[in-house]
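What follows draws every value from the coordinates through simple rules; no lab data is involved. What you see is a predicted model; the values in this text were computed from it and never measured. Here the Cβ positions follow ideal geometry from the backbone for every residue, glycine too, while neighbour counts run over all protein chains shown.
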């Protein structure tokens with residue numbers, strides 16, 4: 001492995017054009033991830049036709065690098081402006097943005113930089129060490145029933161985040177799950193809640209909903225505060241977390257690497273579930289669950305470590321089996337095909353040089369996050385100096401473009417503003433915005449896998465639970481739910497007694 | 001060059017393993033362009049700017065790829081750029097609605113698949129791709145097959161598969177895209193009716209989880225088109241056991257057809273093509289027909305089709321041929337839907 005890695009490194013840095021492409025990918029991914037309204041997918045779609053003119057290794061490497069740095073880039077806007085660059089950065093905003101409001105943006109961004117680099121690098125190393133056996137294990141042992149069980153577990157764990165009470169947290173998740181049912185059902189293709197509108201048949205897209213619930217509702221809240229003279233501009237803080245501060249979270253980092261890597265291996269799942277699961281696990285194992293959603297650094301660390309840990313893992317099913325893990329890896333299939341190649345087992349046999357250039361590039365891209373991230377972050381943090389009356393319209397404009405650009409539908413812009421208004425009202429009443437977003441994103445994944453899983457086991461729950469991974473995750477989720485309800489009831493009883 | 005050589009060697013080896021003819025994998029042999037006119041004067045200067053191609057599916061799937069390949073070929077041929085506008089969702093209905101709302105000036109073209117025909121067959125208020133649109137060219141026509149893992153030990157051909165499925169009492173599974181009224185679901189109804197077997201269809205809307213389900217043993221078989229699983233055939237992971245087509249294509253000479261296995265239904269084909277609004281000016285439509293039909297002949301497009309197994313059977317239909325294919329599909333779908341008790345509007 002080391003010999004191959006060194007050969008890949010030599011090929012990567014032995015050619016000036018390849019170096020330029022690598023640097024372009026690193027910076028381009030970070031920028032497109034960080035600029036509100038566009039994402040690494042936008043950059044990937046723009047670059048796709050041009051990749052045909054590159055050498056195969058350069059083309060695939062470019063997209064792999066964009067994937068690594070773009071996944072990190074979205075954390076910056078999530079933390080500073082409550083605008084996740086992509087769905088996988090949404091959990092980063094849960095605690096990152098409250099930290100900005102508390103004048104701790106530097107610590108949040110610094111932790112995101114470091115943990116993205118650690119998660120991504122660890123993932124790249126694991127990918128290099130065991131791509132083929134890991135892919136084969138995942139494909140044999142994890143099917144739709146297991147993925148649903150994983151989603152159920154994730155929902156059970158993370159639903160308590162952000163709401164004033166557990167009941168409001170759950171109501172928020174249920175609202176998200178309801179929104180996720182809009183559009184064609186993922187298995188039978190039956191239209192639901194589209195009220196005859198064709199565009200709604202495609203469902204509510206993640207990005208407009210996220211931008212609405214996070215960014216637009218925040219603008220409304222800040223505007224209201226400003227109107228009533230209660231607005232406090234976020235304090236600019238460029239103090240990064242110290243090594244000792246971060247060392248306290250070493251277990252959270254390791255746990256998120258494992259969770260993120262596991263989620264990343266699953267075909268069609270990728271970094272989004274990884275980030276939510278990483279965040280959820282942080283909440284579950286924490287002794288101070290109440291502090292999540294209110295500016296807990298561990299929330300940022302867990303989410304950013306997990307989503308970057310999924311990047312290397314998502315390459316495993318793609319390269320070993322030809323199965324893309326998410327949207328960007330699906331675009332990478334097209335890059336392979338532009339060069340008359342197909343990702344899959346034969347790539348290892350036919351083009352080992354290409355594989356090791358890509359592996360080496362992903363490793364160095366993750367290391368670059370650390371260096372470039374730390375240099376650029378202090379500049380980006382200066383954005384917080386922009387006065388609200390300039391910043392708010394700018395964010396609204398960029399968010400509108402970001403909502404429209406995905407599918408080119410005006411409906412998506414309307415959804416964004418509607419989500420913003422609903423989010424504004426619900427936040428005032430103590431409901432959880434993270435819970436709603438969690439419900440929307442995991443609802444779609446969960447429903448599809450539930451339906452497929454039930455078909456596979458012929459609607460027999462005993463057969464379903466006879467799958468060991470399903471049983472463990474469902475029982476763990478049920479215990480988490482039961483414990484939460486018990487605690488909430490106990491707390492109600494205590495307050496009633498005190499009254 | 002070294003990489004290209006090693007790929008060729010790999011494909012050759014894989015072809016020997018899977019029984020797939022390598023001659024057809026190389027593809028494109030003896031291709032003759034059916035459009036002799038090499039150039040055409042732009043009518044009234046049309047087009048004097050880039051065309052917009054609405055694609056009702058994502059950029060990475062089969063439609064996204066064929067749209068990219070055809071756009072490239074037409075641009076190479078005419079020098080006119082084509083911007084692709086992906087509007088995925090609702091099994092192609094979102095893109096179709098957006099297209100019908102766009103100006104019918106010839107600058108907007110549409111990529112669509114046979115879903116447009118089946119959607120109209122089920123609900124006649126939806127656009128009829130043979131009447132409301134003018135097909136410029138159908139550039140991909142393919143058949144479906146049933147695949148199993150090459151390492152499968154419980155059955156190894158269609159007959160043993162059917163016998164095994166029958167023994168499972170409805171518990172065997174097959175992965176496909178079994179949305180209501182889809183080509184896959186209708187074809188599976190034909191097959192199960194003809195063989196008397198009961199099999200649970202598991203619908204996966206994305207390719208990767210669908211292929212992963214077969215590879216990992218989560219399902220027992222897969223319903224798919226050969227171009228979409230070419231890499232798994234090349235690698236020797238999957239093997240076809242039934243071809244749903246009237247004759248054995250040379251590339252799959254060892255695989256029996258459904259008619260040989262005693263099933264008499266007319267196979268439903270998957271087809272992808274390009275359209276323009278029927279209200280677009282006639283002279284512009286004529287130029288677009290030439291550009292897209294001749295674009296099909298471009299080397300780059302032919303190479304693309306070969307790489308997708310799309311030269312295994314004749315993939316080309318001009319406007320008249322496309323209308324025949326579309327009208328036949330609509331009629332067939334409508335009859336099947338009625339027989340399935342579905343509410344045909």
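Tabulated data for the structure shown
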{"read-out": "Rounded FRET efficiency, nearest 0.05, which uses the C-beta distance separating residue A:193 from residue A:421 and R0 of 22 Å", "value": "0.75"}
{"read-out": "Average projected area [Cα convex hull, segment B:44-115], square nanometres", "value": "4.8"}
{"read-out": "Cα-based helix-to-principal-axis angle, B:158-167 vs chain B, degrees rounded to 10", "value": "60"}
{"read-out": "Between helix B:319-339 and chain B: long-axis angle, C-alpha atoms, 0 to 90°, nearest 10", "value": "40"}
{"read-out": "Two-site label geometry, residue A:223 and residue B:343: point separation in nm, points 7 Å out along Cα→Cβ", "value": "4.1"}
{"read-out": "Convex hull projection area averaged over all views, the protein assembly as shown, Cα basis, nm²", "value": "36.0"}
{"read-out": "Alpha-carbon centroids, segment A:420-446 and segment A:1-61: separation in whole Å", "value": "35"}
{"read-out": "Compactness of chain A as Cα Rg over 2.2 N^0.38 Å, two decimals", "value": "0.94"}
{"read-out": "Relative contact order for chain A, counting Cα pairs under 8 Å that sit 6 or more residues apart, in percent", "value": "29"}
{"read-out": "Shielding by partners - mean other protein chain Cβ count within 10 Å, residues of A:140-151", "value": "2"}
{"read-out": "Prolate/oblate/rounded label for segment B:144-252 (Cα gyration tensor, a/c 1.5)", "value": "rounded"}
{"read-out": "Acute angle (nearest 10 degrees) that the helix B:282-295 long axis makes with the longest principal axis of chain B, alpha-carbon atoms", "value": "50"}
{"read-out": "Average beta-carbon neighbours from other chains, 10 Å sphere, peptide B:307-314", "value": "1"}
{"read-out": "Radius ratio Rg over Rh of chain B, counting only Cα atoms, Kirkwood formula for Rh", "value": "0.98"}
{"read-out": "In range of the label at residue A:459: residues from segment A:165-187 whose backbone nitrogen is under 16 Å from the point 7 Å along Cα→Cβ", "value": "A:187"}
{"read-out": "Neighbour-count ranking [beta-carbon atoms within 10 angstrom, fewest first] of B:78, A:181, A:69", "value": "A:181, B:78, A:69"}
{"read-out": "Fraction of the pair-distance distribution of segment B:61-202 above 24 Å, Cα-Cα pairs, percent", "value": "47"}
{"read-out": "Distance between segment B:120-174 and segment B:75-117 - C-alpha centres, whole angstrom", "value": "25"}
{"read-out": "Gaussian network model of chain B, Cα within-10 Å springs - most flexible of B:212, B:62, B:44", "value": "B:44"}
{"read-out": "Spin-label proximity, residue A:242 to segment A:371-409 - amide N less than 15 Å from point 7 Å beyond Cα toward beta carbon", "value": "none"}
{"read-out": "Computed E for residue B:48/residue A:491 - FRET, C-beta separation, R0 60 angstrom, nearest 0.05", "value": "0.25"}
{"read-out": "Sequence of B:232, A:63, B:190 once ranked by neighbouring C-beta atoms within 10 Å, starting from the fewest", "value": "B:190, A:63, B:232"}
{"read-out": "Full-stretch length increase - residue A:24, residue A:390 - with 0.36 nm per residue and alpha-carbon distance subtracted", "value": "128.7 nm"}
{"read-out": "Spacing of the two label points (7 Å from each Cα toward its C-beta) at residue B:259 and residue B:102, in nm", "value": "3.9"}
{"read-out": "Label-point gap, in nm, between residue A:230 and residue B:123 - each point 7 angstrom along Cα→Cβ", "value": "4.6"}
{"read-out": "Efficiency of FRET between residue B:131 and residue B:335 - r from beta-carbon atoms, R0 25 angstrom, step 0.05", "value": "0.85"}
{"read-out": "Mean Cβ neighbour count within 10 Å, used as a protection proxy, ranking B:270-278, A:305-313, A:2-10 highest first", "value": "A:305-313, B:270-278, A:2-10"}
{"read-out": "Computed lengthening from residue A:132 to residue A:466, 0.36 nm per intervening residue step minus Cα-Cα distance", "value": "117.5 nm"}
{"read-out": "Residue order, fewest to most surrounding Cβ atoms within 10 angstrom, among A:54, A:80", "value": "A:54, A:80"}
{"read-out": "Relative contact order (%) - criterion: Cα under 8 Å, at least six apart; region: chain B", "value": "30"}
{"read-out": "Per-residue mean of C-beta atoms belonging to partner chains within 10 Å, peptide A:407-414", "value": "3"}
